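Here's the structure, in structure tokens; my notes come after.
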Amino acid sequence: MPEALDVNCPCCGALLKVDPETGSVVWADKKKAPAKNFDELVSRVASQKDALEDKFARSVAQTRNQKDILEKKFEEAKKRAAADPTGRPPNPFDNE
């Protein structure tokens with residue numbers, strides 16, 4: 001059985017071990033990213049925190065609106081059921 005080939009990735013510079021028979025990557029040694037500036041990391045965390053707070057606020061507002069919408073739909077369905085007490089709800093299997 002031939003030994004795995006060592007290939008350097010031109011994009012990320014990782015060392016790849018490739019099986020010559022199948023052509024598949026058997027092992028990948030990825031290069032570690034260089035150390036980043038602490039101030040840059042802190043500013044990124046702060047911006048992510050702001051984005052998460054914004055998403056959470058939108059989610060809360062959407063949940064509140066969803067409750068109102070569902071209540072209105074339920075009230076409309078009750079009105080229609082009261083207007084036609086003999087009517088049956090549609091059977092989903094009737095359309096087959």
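The values are calculated or read from the model by the stated rules, or taken from the named source; none is laboratory data. Computed from a prediction, not measured in an experiment: that's the story for all the values here. Counting neighbours? That spans all protein chains shown, and the Cβs are built from the backbone with ideal geometry, glycine included. Note: accessible area is taken over every heavy atom of the protein model, side chains too, but ligands, DNA and RNA are not part of it. Shrake-Rupley method; radii C 1.70, N 1.55, O 1.52, S 1.80 Å.
Evaluating F38 against the criteria (1) more than 32 Å from the chain's Cα centre (by Cα); (2) open to solvent by 100 Å² or more (accessible area, probe 1.4 Å) leaves one unmet condition, (1).
Checked against the criterion of being small (G, A, S) and open to solvent by 70 Å² or more (accessible area, probe 1.4 Å), the candidates A83, A51, A77 yield just one match: A83. Scan the range 23-51 for residues that are in contact (Cβ under 8 Å) with a residue 12 or more places away in the chain, part of a strand (DSSP E or B) and not aromatic (F, W, Y) and the total you get is 3.
In the range 63-74, the qualifying residues are those that are open to solvent by 90 Å² or more (accessible area, probe 1.4 Å) and charged (D, E, K, R), and the one that is nearest to P89 (Cα to Cα) is K73. Is one or more of the residues making up the range 5-22 without any contact (Cβ under 8 Å) to a residue 24 or more places away in the chain, open to solvent by 90 Å² or more (accessible area, probe 1.4 Å) and assigned to a helix (DSSP H, G or I)? Checking the range 5-22: not a single residue is without any contact (Cβ under 8 Å) to a residue 24 or more places away in the chain, open to solvent by 90 Å² or more (accessible area, probe 1.4 Å) and assigned to a helix (DSSP H, G or I). Taken over the range 23-35, residues that are open to solvent by 70 Å² or more (accessible area, probe 1.4 Å) and of a type outside the set (D, E, K, R) amount to 6. In the set (1) surrounded by 10 or more Cβ atoms within 10 Å (Cβ to Cβ); (2) part of a helix (DSSP H, G or I), D94 fails one condition alone, (1).
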